[in-house]
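> Right, I'll just put the structure down here and ask away after.
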Amino acid sequence: MDGSLFENYVLSELLKIGFKPKYWRTKSKAEVDFIVEKEK
């Protein structure tokens with residue numbers, strides 16, 4: 001399984017259980033794929 005396919009799978013599973021994940025990217029393009037808030 002390649003990285004983008006796995007990333008899409010994780011995203012769909014997070015959405016199914018009610019999370020609305022966000023991502024973070026620096027100006028130099030370093031990236032965190034999913035940030036999940038449990039409580040505000």
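The values are calculated or read from the model by the stated rules, or taken from the named source; none is laboratory data. What you are looking at is a predicted structure, and each value in this text was computed from that prediction instead of being measured. Note that each Cβ is placed from the backbone with ideal geometry, even for glycine, and that neighbours are counted across all protein chains shown.
> Among all residue pairs at least 6 apart or on different chains, which show Cβ distances below 8 Å where the first residue, located in region 6-28, is under 23 Å from Glu39 (Cβ atoms) and the second is part of a helix (DSSP H, G or I)?
Pro21/Leu11; Pro21/Leu14; Pro21/Leu15
> While we're here: Out of everything in region 9-34 that is surrounded by 10 or more Cβ atoms within 10 Å (Cβ to Cβ) and among the aliphatic types (A, V, I, L, M), what residue ends up being modelled with the lowest pLDDT?
The extreme case among them is Val32.
> Restricting to region 9-40, name every residue that is outside any loop (DSSP other than H, G, I, E, B) and of a type in the set (Val, Ile, Thr).
Within region 9-40, Val10, Val32, Ile35 meet the criteria.
> Given the criteria of a type in the set (Phe, Trp, Tyr), part of a loop (DSSP other than H, G, I, E, B) and either exposed (fewer than 10 other Cβ atoms within 10 Å of the Cβ) or modelled with pLDDT of 90 or more (or both), does Phe6 qualify?
no
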